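The values are calculated or read from the model by the stated rules, or taken from the named source; none is laboratory data. Keep in mind that what you see is a predicted model, and the values were worked out from it rather than measured. Positions of Cβ are generated from backbone atoms using ideal geometry, with glycine treated the same way; all protein chains shown enter the neighbour counts.
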Amino acid sequence: MKRFKVIDFWMSVTLIILSIAFAFCKTEAGFFAGYFAVGGWQVISILVHYYKNWFCEKHTNRRHYQSAVIIIFLIAALGFVFNIILFVLLYILVFAAPFMAVYYTYLCYKETYVKMQRPLALLK
């Protein structure tokens, strides 16, 4: 678990930085490619955490974040029936997704480098 958590955190940080750099170097397509790269990695990470039941106890920040992502997916599925819902959701996500990505990376950092420390390291 520790190895995956470290890889997960640093992969998120790397993808966010590369997405920002790529967005400044390319056209609009590069901007949205970064959204899909970072978002895709974080969805895979969410699924691994859910499947392995890592840090997914009730009333935790990760559980709340996973619930929010599930609600977003359900609204998107409903949006395929009612196009206006999908349009509004995607418009909101253009602005909310970068903040969600940074928050998710913060969650990974906190779980990896704060919660998983050995007990003696916390006595400083």
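Laid out as a table, the results:
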item	result
Some residue of region 44-51 being in contact with a Phe, Trp or Tyr (Cβ under 6 Å, 6 or more places away or on another chain), under 17 Å from Phe9 (Cβ atoms) and at pLDDT 90 or above	no
Hits in region 24-59 - residues which are under 17 Å from the mean Cα position of the chain (by Cα), among the hydroxyl-bearing types (Ser, Thr, Tyr) and surrounded by fewer than 14 Cβ atoms within 10 Å (Cβ to Cβ)	Tyr51
Exclusive hit being among the β-branched types (Val, Ile, Thr) and either free of Cβ contacts under 8 Å to residues at least 12 places away in the same chain or more than 24 Å from Ile7 (Cβ to Cβ) (or both), set Val38, Val69, Val102, Val81	Val81
Those residues of region 73-97 which are β-branched (Val, Ile, Thr) and not in a helix (DSSP H, G or I), in sequence order	Val81
